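The values are calculated or read from the model by the stated rules, or taken from the named source; none is laboratory data. Predicted, not measured: the structure shown is a model, and the values here were computed from it. Positions of Cβ are generated from backbone atoms using ideal geometry, with glycine treated the same way; all protein chains shown enter the neighbour counts.
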Amino acid sequence: MIKITLPDGTVKEFAKGTTPLEVAKSISEGLARNIISAKFNGTTVETVTPLNEDGALVLFSWNDKEGKTAFWHSTSHVIAQALEELYPGIKLTIGPAIENGFYYDVDLPEGSISEKDFQQIEKKALEIARGKHDFKMRSSTKAEALEFYKSQDNQYKVELIENLEDGTITFCDHDTFTDLCRGGHIPNTGIIKAIKVLSVAGAYWRGDEKNNQLTRVYGISFPKQKELTEYLALLEEAKKRDHRKLGKELELFTFSQKVGQGLPLWLPKGAALRERLENFLKKAQKKAGYEMVVTPHIGQKELYVTSGHYAKYGEDSFQPIKTPKEDEEFLLKPMNCPHHCEIYNTKPFSYRELPKRYAEFGTVYRYEQSGELHGLTRVRGFTQDDAHIFCTPDQLADEFKNVIDLTLYVLGSLGFENFTAQVSVRDLEKPEKYIGSVENWEKAESAIINAAKEKGLNFVIESGEAAFYGPKLDFMVKDALGRNWQLGTIQVDYNLPERFDLTYKGSDNELHRPVMIHRAPFGSMERFIALLLEHTGGNFPLWLVPEQAIILPVSEKHEKYAEKVLISLENNDLRAQVDKRNETVGKKIREAEMNKIPFMLIVGENEENEGTISIRRHGGEDLGALTVKAFSELVTKEINSTLKSF
């Protein structure tokens, strides 16, 4: 007999060789019908994997993230089989599950796959799925696996196998199809009821531009057709909300090939919006005791060697800038924290002077691969709302909780109410990824977990997601389309203070090492604005929107009154414009709607005679005629209801 521990702490005894599916059946038949994947002692297993030792078992359904991963990974096998049958001579490479769906990279012998082929691929894949073929795992020796793929002349699978240890190699079979695979599948293909091929793209083998270019087939699948229909409707809505499309329509930002890929140019409206976001955070930071600093866009290479960033991120940075001086090299700044460490080091500090909180809207540069660039969400130059707090170990808990409060204030003021906090810790099996002592890592991880508990955050712990120098608390925000994004981040760091030899004089008159907190509530201005655009569909909060109102004179003779209204609004700190174009009021309203201006103020003979404005809200609601003062008070009240003081 073996003892199986369930997630609620219940321990049950089963015969050796019992499968996760049988465990589920022992609980209820309904549970067993919904179980599609499992994890035993931290390792993903099949639902039919025999369990031969004591351990912890977690069962997953479609509603669990791990269940979806197994579902989509299994569908990638079905798609691969369909592609093999439709394109003789095709070479398969890898086909993982991703956040939404899966992809499979293939090497086509000739021709290409285009959108006109999608329906045929889907039809073939669904035909295979309806066969209700079981997914079966089997072990293979390295020699057998190599022989199998050499006989198929598949150099990609051969390369993968050559990097595996004998005794760790497994295949997955279903129907007439077999594929090199580590496992993690649903019970059979029949659970897959709906499949959609979403797109195709080029992808280099192993992400290296020196290797062959492959065809990447993206897809998604569901256990019900209704769920696919709903997902496709969300995709259509996402296209309408695409920040690249809205950014162009609202004249916020642009890109130029002459300036360079991934280097955004902010247009006047976008620059003003950024400035309002910066001022919003600066005001809250000032109340929280931060001091603003400014650091250069470059630094000597040695600075980033000391910090460890060059060793970890050197390949993703722009190449060193050589100067006329021999052996002198600079880097475009990949991070702000080394510069802030040097600011701290400009003078000795006493424990009485801590914490020191340095904040900066600092632009940093990373050389992202061109194929990974995407609008404002993946760029090569971006501005972080960065700050670094240097404090004593005794101050760490309170400082960390204060940063949580600031981050929650920022997210709440911008309408991001639905989020999960993620505590990102080390991967204990890969210590080489991190710098610093185990003791310091344990202290830092405990501090974050305790702070998250004390603030009552809904949080999860993710292994392997920490920064190389320390663990962090990431805010995973769900947008209006149900998508998850990582926005604000707070990190605890015991390592950079050691690498930069930062000290303070304690109450014992001895030198001690401060603890460092890295934090960025927005994350980066570029990415935050992109996500805010998509979340709101371009309908920004009233306090942030570039133009809060547009004044529409009915005819040229009412322009003088319109200008008078504009001055009154500006005196009340409202942002407005007068549209003096020789167009009909109807056309001006339609264009103001497209530009997502919250209020349209129509002024004609009646309004001028009565000293009022006729107000139309974005979306068509008629608010009637009000005085400028009454309208200003209405707008101010709306702003105050969403933008509470910190």
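Scan segment 67-88 for residues that are part of a helix (DSSP H, G or I) and farther than 14 Å from PRO187 by Cα and report the count.
9
Yes or no: segment 430-440 includes at least one residue that is part of a strand (DSSP E or B) and either over 20 Å from GLY42 (Cβ atoms) or modelled with pLDDT of 85 or more (or both).
no
Specify which of the listed residues (THR215, THR229, THR306) is of a type in the set (Ser, Thr, Tyr), more than 17 Å from MET525 (Cα to Cα) and not in a helix (DSSP H, G or I).
Criteria check complete, one pass: THR215.
Looking only at segment 8-26, how many residues end up being surrounded by fewer than 14 Cβ atoms within 10 Å (Cβ to Cβ), among the β-branched types (Val, Ile, Thr) and in a loop (DSSP other than H, G, I, E, B)?
1
With the condition kept exactly as written, say whether any residue in segment 403-413 is part of a helix (DSSP H, G or I), touching a strand residue (DSSP E or B) at 6+ places or on another chain (Cβ under 6 Å) and either surrounded by 20 or more Cβ atoms within 10 Å (Cβ to Cβ) or on the phi > 0 side of the Ramachandran plot (or both).
Yes, some residue in segment 403-413 is part of a helix (DSSP H, G or I), touching a strand residue (DSSP E or B) at 6+ places or on another chain (Cβ under 6 Å) and either surrounded by 20 or more Cβ atoms within 10 Å (Cβ to Cβ) or on the phi > 0 side of the Ramachandran plot (or both).
Which residues, taken from segment 507-529, are of a type in the set (Asp, Glu) and in contact (Cβ under 8 Å) with a residue 40 or more places away in the chain? Full working, then the answer.
Taking segment 507-529 first, the residues of a type in the set (Asp, Glu) are 508, 510, 526.
Once the filter is applied, which keeps residues that are of a type in the set (Asp, Glu) and in contact (Cβ under 8 Å) with a residue 40 or more places away in the chain, segment 507-529 yields only GLU526.
Which condition number does GLY111 fail, the rest of (1) farther than 26 Å from ASN211 by Cα; (2) out of contact with any strand residue (DSSP E or B) (no Cβ under 6 Å at 6 or more places or on another chain); (3) of a type outside the set (Phe, Trp, Tyr) being met?
(1)
Can you tell me which residues in segment 305-337 are touching a Phe, Trp or Tyr at 6+ places or on another chain (Cβ under 8 Å) and either at positive phi or in the same structural domain as ILE435 (by TED's automatic domain parsing) (or both)?
GLY308
Scanning for something in a helix (DSSP H, G or I), under 31 Å from the mean Cα position of the chain (by Cα) and within 30 Å of ILE27 (Cα to Cα), does segment 53-65 turn up at least one residue?
Scanning segment 53-65, I find at least one residue that is in a helix (DSSP H, G or I), under 31 Å from the mean Cα position of the chain (by Cα) and within 30 Å of ILE27 (Cα to Cα), so the answer is yes.
Restricting to segment 571-587, give me the number of residues that are part of a helix (DSSP H, G or I) and among the β-branched types (Val, Ile, Thr).
Residues in segment 571-587 being part of a helix (DSSP H, G or I) and among the β-branched types (Val, Ile, Thr): 1 in total.
For segment 266-278, does any single residue satisfy the condition of being touching a Gly at 6+ places or on another chain (Cβ under 9 Å), part of a helix (DSSP H, G or I) and modelled with pLDDT of 95 or more?
yes
Name the residue that is nearest to LEU502 (Cα to Cα), counting only residues in segment 344-380 that are surrounded by 19 or more Cβ atoms within 10 Å (Cβ to Cβ) and of a type in the set (Gly, Ala, Ser).
ALA359
Please go through (1) surrounded by fewer than 19 Cβ atoms within 10 Å (Cβ to Cβ); (2) on the phi > 0 side of the Ramachandran plot; (3) not acidic (Asp, Glu) for PRO541 and return the number of the only condition it doesn't satisfy.
Only one criterion in (1) surrounded by fewer than 19 Cβ atoms within 10 Å (Cβ to Cβ); (2) on the phi > 0 side of the Ramachandran plot; (3) not acidic (Asp, Glu) is unmet by PRO541, namely (2).
Taking segment 599-613, which residues are surrounded by fewer than 19 Cβ atoms within 10 Å (Cβ to Cβ) and not in a loop (DSSP other than H, G, I, E, B)? It would help to see each step written out before you state the result.
Looking only at segment 599-613, we keep the residues that are surrounded by fewer than 19 Cβ atoms within 10 Å (Cβ to Cβ), and these are 604-606, 609-611.
Within segment 599-613, GLU605, ASN606, ASN609, GLU610 qualify.
Quick check, is LEU126 over 19 Å from ILE191 (Cα atoms) and either not assigned by TED's automatic domain parsing to the domain that holds GLY184 or not in a strand (DSSP E or B) (or both)?
In short, no.
Would you mind telling me which numbered condition in (1) within 24 Å of THR420 (Cα to Cα); (2) modelled with pLDDT of 95 or more; (3) surrounded by fewer than 17 Cβ atoms within 10 Å (Cβ to Cβ) LYS65 fails?
(2)
If you take the residues in segment 419-465 that are touching a strand residue (DSSP E or B) at 6+ places or on another chain (Cβ under 6 Å), within 20 Å of ASP398 (Cα to Cα) and among the polar types (S, T, N, Q), which one is surrounded by the fewest Cβ atoms within 10 Å (Cβ to Cβ)?
Taking the candidates together, the pick is ASN458.
Among the candidates PHE135, PHE171, PHE177, which residue alone is in contact (Cβ under 8 Å) with a residue 12 or more places away in the chain, among the aromatic types (Phe, Trp, Tyr), out of contact with any strand residue (DSSP E or B) (no Cβ under 9 Å at 6 or more places or on another chain) and in the same structural domain as SER74 (by TED's automatic domain parsing)?
PHE177
Taking into account only those residues within segment 319-343 that are among the aliphatic types (A, V, I, L, M) and closer than 17 Å to LEU502 by Cβ, which is modelled with the lowest pLDDT?
Only one residue fits best here, namely MET335.
So GLN369 passes all but one of these: (1) polar (S, T, N, Q); (2) more than 30 Å from LEU396 (Cα to Cα); (3) without any contact (Cβ under 8 Å) to a residue 24 or more places away in the chain. Which condition number does it fail?
Evaluating GLN369 over (1) polar (S, T, N, Q); (2) more than 30 Å from LEU396 (Cα to Cα); (3) without any contact (Cβ under 8 Å) to a residue 24 or more places away in the chain leaves (3) as the failure.
One residue is enough: does segment 454-475 have a residue meeting the conditions assigned to a helix (DSSP H, G or I), at pLDDT 90 or above and under 23 Å from the mean Cα position of the chain (by Cα)?
There is no residue in segment 454-475 that is assigned to a helix (DSSP H, G or I), at pLDDT 90 or above and under 23 Å from the mean Cα position of the chain (by Cα).
Of ILE639, ILE597, ILE613, which residue is of a type outside the set (S, T, N, Q) and without any contact (Cβ under 8 Å) to a residue 60 or more places away in the chain? Even if it seems obvious, please write down each step before you answer.
Working: ILE639 fails: without any contact (Cβ under 8 Å) to a residue 60 or more places away in the chain; ILE613 fails: without any contact (Cβ under 8 Å) to a residue 60 or more places away in the chain.
On inspection, the qualifying residue turns out to be ILE597.
Before we move on, is ILE551 aliphatic (A, V, I, L, M) and touching a residue at least 60 places away in the same chain (Cβ under 8 Å)?
It is true that ILE551 is aliphatic (A, V, I, L, M) and touching a residue at least 60 places away in the same chain (Cβ under 8 Å).
Does LYS596 count as assigned to a loop (DSSP other than H, G, I, E, B) and either surrounded by 15 or more Cβ atoms within 10 Å (Cβ to Cβ) or in contact with a Ser or Thr (Cβ under 7 Å, 6 or more places away or on another chain) (or both)?
yes
Yes or no: segment 430-446 includes at least one residue that is touching a helix residue (DSSP H, G or I) at 6+ places or on another chain (Cβ under 7 Å), among the charged types (D, E, K, R) and in contact (Cβ under 8 Å) with a residue 40 or more places away in the chain.
For segment 430-446, residues touching a helix residue (DSSP H, G or I) at 6+ places or on another chain (Cβ under 7 Å), among the charged types (D, E, K, R) and in contact (Cβ under 8 Å) with a residue 40 or more places away in the chain: absent.
When the residues of segment 137-193 are narrowed to those that are in a loop (DSSP other than H, G, I, E, B) and basic (Lys, Arg), which ends up modelled with the highest pLDDT?
Applying the filter and picking the extreme gives LYS193.
Looking at segment 101-146, which of the residues that are surrounded by 15 or more Cβ atoms within 10 Å (Cβ to Cβ) and β-branched (Val, Ile, Thr) is nearest to the chain's Cα centre (by Cα)?
Applying the filter and picking the extreme gives VAL106.
If we scan segment 132-153, do we find a residue that is at positive phi and either touching a Ser or Thr at 6+ places or on another chain (Cβ under 7 Å) or of a type in the set (Val, Ile, Thr) (or both)? Step through it out loud before you land on a result.
Taking segment 132-153 as the starting set, the residues that turn out to be at positive phi are 132, 153.
In the following step, the residues that additionally are either touching a Ser or Thr at 6+ places or on another chain (Cβ under 7 Å) or of a type in the set (Val, Ile, Thr) (or both) were identified as 132.
Checked against the condition, which is being at positive phi and either touching a Ser or Thr at 6+ places or on another chain (Cβ under 7 Å) or of a type in the set (Val, Ile, Thr) (or both), segment 132-153 yields at least one hit.
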